[in-house]
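Structure record follows, encoded as structure tokens.
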């Protein structure tokens, strides 16, 4: 190697040594200016040494693009000192909807609950919040709140209050698991909106039940003609007995109270036994007296009145006992007299006797409730006779004696007599 080349190499090595010295010296000087810092970058912890002058320079050096709403502590213009702690929290846009009213805000809060507190939005345990309060906030996070309000529920007449966020009656019933039968009625439109100022749900509970009751069924009285019995006589052949009738009703109740009762069926459980009465139709046997004149009376009796004019013909009426019987039902009666030829009279009695054809028959008109028709009687001053007729004016203890002529009837007039019912 020549002397010239050796000299050149020595010069190069010298320059290299100088450069290395300068570089090492610069590095020492630069490192001496660096500060130890710690950073919390959106929850990520970093520790480093930096020669940056401000917080903003440090964040930019770590690719952090600070936006207007981000949280930076200390501020970006704060000078860096040794052991500086830097916190950067990225802000997220949040849309809050409260019962349809929305608002937007930027926040660095971590959870939904923290955001609502910052926004001063109060929520109760009955409100519906989506997402849940513990949910972490992300970019463009939507938060929906349905505020609960008290709903008065009148169910079947019973009232209670429920907190709800449902907007319609139908949704409220579903949410509360209130079941309705086909007969139940909800007042108003179930699709109507519920509001805090008009939150009443009225439910009418309707039920229909069947009620069966048992009643007595009355028997009928059947009257049959019996030719073997005298007219005016009656005989009960079969006693009546009430039956049993079952009635079925459909009862409609509203909120437990009966609002209608409808008969839907009848069933005769036990038929009634009808009462059978035989009614006599046989005419009484006529006894013709030969010693005394007989008189007749019409079926419609018109009693001859006593006359103040002296009778042209007098009929003797016995004043004695006339063979008064020892037995029989005895009482006193008001007696008058009549003829078979009075005005409006036909001469046929109520028992079918033609007195005009039997002028010598002794017969009196009676009230059948007091003296049964067909009875044999004894009348003071008149003798034995048949109770064979009735009259419109003959009521109670009153009798009418038939006389052969009007003169005899007028002569008898009116008087009280003793009478005995023999049979």
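In table form, for the structure just shown:
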| item | result |
| --- | --- |
| Gaussian network model of the chain, springs between alpha carbon atoms under 10 Å - residue of 208, 44, 158 with greatest fluctuation | 44 |
| Residues 59, 71, sorted so that the one with the fewest Cβ neighbours within 10 Å comes first | 71, 59 |
| Radius of gyration and Dmax over the Cα atoms of region 92-146, both given in Å | 9.9, 28 |
| Residue among 136, 253, 68 with the largest mean-square fluctuation in a Gaussian network model of the chain, springs linking Cα atoms under 10 Å | 68 |
| Region 104-185 pair-distance distribution - Cα-Cα, 5 Å bins, rounded % | 3, 12, 20, 18, 12, 10, 9, 7, 5, 4, 1, 0 |
| The chain: angle of helix 3-33 to the longest principal axis, Cα-based, in degrees nearest 10 | 40 degrees |
| Rounded FRET efficiency, nearest 0.05, which uses the C-beta distance separating residue 97 from residue 252 and R0 of 41 Å | 0.30 |
| Nitroxide proxy distance, nm - points 7 Å out along Cα→Cβ at residue 274 and residue 261 | 3.1 nm |
| GNM flexibility winner over the chain from 16, 403, 268 (Cα, springs under 10 Å) | 16 |
| When the convex hull of its Cα atoms is projected in every direction, mean area for region 29-71 (nm²) | 3.2 nm² |
| Per-pair calculated FRET efficiency, R0 = 56 Å: residue 125 and residue 62 via Cβ, rounded to 0.05 | 0.80 |
| Solvent-free Debye scattering, log10 I(q)/I(0), computed from the Cα coordinates of region 56-209 at q = 0.12, 0.21 Å⁻¹ | -0.68, -1.21 |
| Computed over the chain: relative contact order in percent, which uses C-alpha pairs under 8 Å that are six or more apart | 10 percent |
| Ranking of 49, 170, 179 by count of other Cβ atoms within 10 Å, fewest first | 179, 49, 170 |
| Residue 158/residue 183 FRET efficiency (R0 25 Å; Cβ-Cβ; nearest 0.05) | 0.90 |
| Estimated 222 nm signal from helices in the chain, with DSSP H stretches of n ≥ 4 weighted -39500 (n - 2.57), rounded to 500 | -4500 deg cm²/dmol |
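Any read-out appearing in this document is the output of simple, stated calculations on the displayed coordinates, not a laboratory observation. Keep in mind that what you see is a predicted model, and the values were worked out from it rather than measured. So basically every Cβ, Gly included, is an ideal-geometry build from the backbone, and we count neighbours across all protein chains shown.
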